[in-house]
Amino acid sequence: MNDTKPSFITNFFKLESAGGIILMFAAVLAMILANTPLQSYYDLLIEVPVEVRIGPLEIAKPLLLWINDGLMALFFFLVGLELKRELVEGELSDKRNVILPGVGAVGGMLVPSLIYVYFNWEDPVAMKGWAIPAATDIAFALGILSLLGSKVPTSIKVFLTSVAIFDDIGAILIIALFYTAKISWVALLVVACCIPVLAFFNRRNMESKSMYIVVGIVMWVAMLKSGVHATLAGVIVAMFIPMKSKTDPTHSPLKSLEHDLHSVVAFIVLPVFAFANAGISLSNIGADQFFHSVPVGIALGLFFGKQVGIFTLCWLCVKLKFANLPSGMGWRSLYGTAALCGVGFTMSLFIGSLAFEETGTNLLFDERLGIILGSLASGIVGYFVLRVSLSKA
């Protein structure tokens with residue numbers, strides 16, 4: 001009999017919080033490298049040019065943009081898979097479970113954006129970042145929530161996840177509508193031609209991953225060349241992955257793919273993204289940069305905007321009897337969950353890169369400072385409010 005106990009590493013990767021912990025470690029490591037004599041090597045690494053050329057087709061970008069445009073397409077593909085599963089047979093398939101988190105998500109996107117706009121209304125360059133505080137980082141938020149252990153009711157986890165899913169839908173629409181470069185209609189035509197091919201695969205219930213991967217790569221390249229952000233190709237492809245197998249009713253190609261990708265995204269894609277985007281050098285940051293309207297608008301939008309927007313609209317929704325509070329959730333725990341939604345780290349960094357870094361705008365501020373401060377404050381407040389409210393439940 002083998003009585004060997006699982007190793008510490010094996011147990012660690014089974015934790016719900018493991019992804020969030022590794023994500024945090026990657027961000028801290030980037031901050032350390034960016035503020036030590038190793039900064040030059042860190043900058044060289046993320047700026048190293050990477051080129052792929054096939055005949056006249058050329059894709060030449062620094063490593064940072066390959067991570068943001070390419071690696072993050074896997075993240076958005078997983079988001080698309082989770083979204084489809086939730087809409088087909090998950091919590092969001094029941095309309096009664098949709099109203100409250102949906103209303104909360106609207107408030108959680110609208111109020112933070114309005115706070116940012118208030119601080120940056122007179123600066124047309126800064127206004128490009130209006131959507132940065134509208135996002136929620138579900139990996140970080142659930143990681144913090146899992147630190148509270150088994151005392152957290154399932155209803156709170158479901159509510160937080162549902163709000164984050166609606167946030168992701170909002171982020172996808174925002175990226176598609178507001179963060180696109182000059183449109184290439186020829187490239188978009190190629191994207192449009194890929195969709196009926198995917199629909200054919202889905203209708204025939206084709207389960208071969210390689211077929212979807214080939215079409216997905218073609219769509220990603222075309223989307224990249226079109227001016228619409230390439231990561232959206234991941235969401236589109238995910239919508240056509242079959243939910244059920246035609247030959248084996250007990251097997252779900254979508255769920256299987258989602259399960260396979262979850263660890264890759266949580267332990268590789270998101271930490272690599274955080275490492276490449278969170279390296280803020282504090283050596284040249286003075287009071288002017290620290291209190292610039294952009295980081296201030298982002299930090300206050302994430303911290304105050306998320307709390308006020310989500311809690312207020314949910315409170316109104318319940319009081320007007322459009323929905324009920326989930327069982328096991330009181331007003332204090334709702335407020336704590338709303339505060340936790342202010343952790344916008346990954347998605348906020350991603351939208352920030354679209355708004356500023358990838359546009360080549362010469363900035364006198366660093367939006368990442370506001371993202372980190374707002375997310376950190378939201379995580380701390382959300383954790384302690386939930387800890388107190390759950391201990392009294």
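Rule-based calculations on the coordinates, nothing more; no lab input. Values in this document were obtained by computation on a predicted structure and should not be read as measured data. In this analysis, Cβ positions are derived from the backbone assuming ideal geometry, glycine residues included, and neighbour counts consider all displayed protein chains.
Quick notes
- Selection of GluC sites (Glu not before Pro), region 81-158, meeting DSSP coil and at most 15 other Cβ within 10 Å: GLU122
- Full-extension gain in nm, CYS193 to HIS262, via 0.36 nm per residue minus C-alpha separation: 21.9 nm
- With a Förster radius of 41 Å applied to the C-beta separation of ASN35 and ARG332, the computed FRET efficiency comes to 0.60.
- Along the chain, longest interval not containing exposed trypsin sites (Lys or Arg not before Pro), exposed being DSSP loop plus at most 13 other Cβ atoms within 10 Å: 1-181
- Using the Cβ-Cβ distance between ALA287 and LEU44 with R0 = 41 Å, the FRET efficiency computed as 1/(1 + (r/R0)^6) comes to roughly 0.85.
- Scanning residues 5 or more positions from VAL50 or on other chains, those with amide H under 5 Å from its amide H are LYS61, LEU63, with H placed 1.01 Å from N in the peptide plane.
- Working note: Karplus 6.51/-1.76/1.60 with θ = phi - 60° gives region 92-101 the couplings 7, 6, 9, 4, 5, 8, 8, 4, 5, x Hz, where Gly and Pro are set to x.
- Spread of Cα-to-Cα distances over 20 Å intervals beginning at zero, given as percent, for the chain: 27, 58, 15, 0
- Cα centroid of region 183-215 to Cα centroid of region 28-65, whole Å: 31
- Between LEU57 and HIS251, the simple label model (points 7 Å from Cα in the Cβ direction) yields a spacing of 3.0 nm.
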